[in-house]
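The values are calculated or read from the model by the stated rules, or taken from the named source; none is laboratory data. Every value quoted in this text rests on a predicted model; they were computed, and no experiment measured them. For accessibility, only protein heavy atoms count, side chains too; no ligands or nucleic acids. Shrake-Rupley method; radii C 1.70, N 1.55, O 1.52, S 1.80 Å.
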Amino acid sequence: MTDDEWQAHVTREAAKAIGEWLEGRGGLQQPIRCLTMPDLEATAQNAISTFIVKASQRIANRPDEPGSQKLSMLLL
């Protein structure tokens with residue numbers, strides 16, 4: 001998987017996590033302007049958490065790839 005493909009994969013996974021969170025609170029159909037600061041913080045947390053999990057998996061599966069090494073530096 002190229003770096004661009006991986007980034008697209010992580011973006012999709014983060015979007016899914018955000019969508020699941022919004023759906024769980026009953027606000028998926030609401031416009032973004034209706035979200036409160038805690039709502040926005042929760043969506044950011046979902047995206048960040050997904051990135052950390054996916055980056056950790058990539059590092060563990062392919063530790064010698066340049067992309068993995070860059071991610072390791074970001075997570076330190």
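Couple of notes before you dig in:
- Each Cα pair under 8 Å and six or more residues apart adds its separation to the average, and for the chain the resulting relative contact order is 33 percent.
- By accessible area with a 1.4 Å probe, ligands and nucleic acids excluded, highest first: order of Ile52, Ile32, Ile59: Ile32, Ile52, Ile59
- With every protein chain in place and a 1.4 angstrom probe, the accessible-area ranking of Arg33, Arg12, largest first, reads Arg33, Arg12.
- The chain: calculated mean residue ellipticity at 222 nm from DSSP helix runs of at least 4, using -39500 (n - 2.57): -25500 deg cm²/dmol
- Per-residue extension of 0.36 nm, minus the Cα-Cα distance of Glu65 and Leu35, leaves a gain of 6.9 nm for this segment.
- With coordinates expressed along the principal axes, the C-alpha atoms belonging to the chain extend over 44, 23, 17 Å, beginning with the largest.
- Principal-axis analysis of the Cα atoms of the chain puts helix 37-61 at an angle of about 20° to the longest axis.
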